[in-house]
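Read through the structure below, which is laid out as structure tokens, and then see the notes.
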Amino acid sequence: MQFSPSAEQTELVEKARAFTKEYIGPNSMKYDRSGEFPREICREAFKQGFMNPHIPAAYGGSPHTVLDHCMVLEEMATGCSGIATAIDANGLSQYPVILAGSDDQKRRFLAPMTEELMFSAYAVTEPEAGSDVSRVKTSATKMGNDYVLNGIKWWITNGSVASWYFVLARVDDKPTAFVVPADSPGIIRGPKEINLGQHASNTVRVTFEDVKVEERNRLGDEGDGFQIAMKTFDHTRPGVAAGANGITKAALNIALSYAKRRRTFDKKLISNQGISFKLAEIMTGLDAARYLTYRAAWLFDQGEDNAREAAEAKWFAADVAMKAAIECSQVLGGYGFTTEMPAEKLIRDAKIYQIYEGATEIQKMIIVGKLMRMKEVH
Ligand SMILES: Cc1cc2nc3c(=O)[nH]c(=O)nc-3n(C[C@H](O)[C@H](O)[C@H](O)COP(=O)(O)OP(=O)(O)OC[C@H]3O[C@@H](n4cnc5c(N)ncnc54)[C@H](O)[C@@H]3O)c2cc1C
């Protein structure tokens, strides 16, 4: 066991920090206010090799390990987690193709994404199927060599900028995975949702009306879709936790800097234990969340089952981020509530980490599921 990053990891983190300082941080409030998709920042991230970090070298990628990627994402989310989500969201739809796609599918859907800036989206959630993914109703009806898709997917990140969608649909009663090009006739993209936070990230409804999908775009066999959709989270949840850690770090730095300079009752705020203990608790939470995150990522990189560890990292890091953002606002007093300082944005941005890619309660159900199979915990 060792706790220090390698020289390569340190260099990568420094590069991500410099990118964040130059492109993300200074633009975070602009995109938060406008809700515009940060395409130009994504373009720069693409140029610098920060997008699509999981596409295998055989398909043109220069892959990072999941652990390296978590370190990068934490840095980017420190600048703005909405922009970091826009940069990172491709991974959620790409991983099912990496996991279950044929060589031909990888060539057609992954390789082009290494040549130019492109986006893709994971379209699973429906009005009646969020946490309970097995209830998806979107239908895929076999017609000759094609399937015809009908249904509604909502709250789809990257939904209106994607070139293709990973879609979970039922063939008869079997949840089945497809890759669906976004220019297929019958796809209707809704307007951007007005969300509480992460305004730079694009969330929309995507409706499928008699959308023809070629059989060669089915991932795996009919009935494999649920497993493919769920296994993907073992890969992506450490990254979600890392994004939450970025918020925690930002909250800590803002609160620390303010508490060191603000004076009340003839002394600096930080001289009061009531304030300084908040900072100590956030620091401890950040360290604990980071180690959970790194372990979940590392296990994945070793090819080991990380479902429990990824679930632990995801819910814990999200709760730490939420608490850190609220405490940061408290340390800032009035500034913690106004839009002159970013504490209020951190509160709004942190909340989604407790919800998407499996809400906190669902992560705890995964952990309990594993505990039920253990005789005792070592
Ligand atoms: C900004 C944003 C981006 C998103 N991006 C995507 C995307 O790219 N692709 C995609 O497919 N989906 C996406 N989603 C959907 C997201 O994954 C779901 O919202 C999430 O999984 C929760 O599902 P739900 O909203 O239907 O809540 P529900 O399943 O209705 O759950 C409601 C609440 O009850 C809790 N709960 C549910 N069942 C239980 C239980 N058995 N025991 C205890 N508690 C329970 C949940 O944890 C939650 O807190 C996104 C959502 C948002 C808001």
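Derivation of every value follows stated rules applied to the coordinates shown; laboratory data play no part. Keep in mind the model is a prediction, meaning the values are calculated, not measured. Counting neighbours? That spans all protein chains shown, and the Cβs are built from the backbone with ideal geometry, glycine included.
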Could you give me the ³J(HN,Hα) list for the range 319-331, computed from phi with Karplus coefficients 6.51, -1.76, 1.60 and θ = phi - 60°, whole Hz, x at Gly and Pro? 5, 4, 5, 4, 5, 4, 5, 5, 5, 4, 4, 5, 4
Excluding exposed DSSP-loop trypsin sites (Lys or Arg not before Pro) (at most 10 other C-beta within 10 Å), longest clean stretch of the chain: 1-372
Local electrostatic count at A324 - Lys and Arg +1, Asp and Glu -1, tallied over other residues with Cβ under 10 Å: 0
Among W155, G220, P181, pick out the residue whose Cα is farthest towards the positive end of the charge dipole of the range 120-221, where Lys and Arg carry +1 and Asp and Glu carry -1 on C-beta, about the Cα centre. W155
Computed on Cα atoms, Rg of the range 185-254 relative to 2.2 N^0.38 Å comes out at 1.60
Within a Cβ distance under 15 Å of A140, other residues only, what is the Lys/Arg minus Asp/Glu net charge? -3
From the backbone phi of the range 143-153, what are the Karplus-calculated ³J(HN,Hα) couplings (6.51 cos²θ - 1.76 cosθ + 1.60, θ = phi - 60°) in whole Hz, Gly and Pro given as x? 9, x, 8, 10, 10, 10, 9, 9, x, 10, 10
Taking the Cα centre of the chain as the origin, how large is its charge dipole in debye, to the nearest 20, when only Lys and Arg (+1) and Asp and Glu (-1) carry charge on their Cβ atoms? 1160 debye
Cα-based Rg and Dmax for the range 227-372, where Dmax is the largest Cα-Cα distance (Å): 17.0, 61
Cα centre as origin, Lys/Arg/Asp/Glu Cβ charges: the range 120-221 dipole, Debye: 160 debye
May I ask you to list the chymotrypsin sites (Phe, Trp or Tyr not before Pro) in the range 256-342 that are in a DSSP loop and have at most 13 other Cβ atoms within 10 Å of their Cβ? F265
What is the Rg over Rh value, at two decimals, for the chain, using alpha-carbon atoms and the Kirkwood definition of Rh? 0.99
With the alpha-carbon atoms as the only input, what is the per residue convex hull volume for the range 7-115 in Å³? 91 Å³
Based on alpha-carbon atoms only, what is the radius of gyration of the range 184-302 relative to the globular estimate 2.2 N^0.38 Å? 1.68
Starting with the highest mean, order 279-285, 172-178 by the number of other Cβ atoms within 10 Å, averaged over the residues of each peptide. 172-178, 279-285
Through the Karplus equation 6.51 cos²θ - 1.76 cosθ + 1.60, θ set to phi - 60°, convert the phi angles of the range 264-277 into ³J(HN,Hα) values in whole Hz; use x for Gly and Pro. 9, 6, 6, 8, 5, 3, 5, 6, 8, 4, x, 8, 5, 5
With a/c under 1.5 counting as rounded, go ahead and sort the range 120-221 into rounded, prolate or oblate using the C-alpha gyration tensor (a ≥ b ≥ c being the square roots of the eigenvalues; past the cut-off, prolate if a/b is larger than b/c, else oblate). prolate
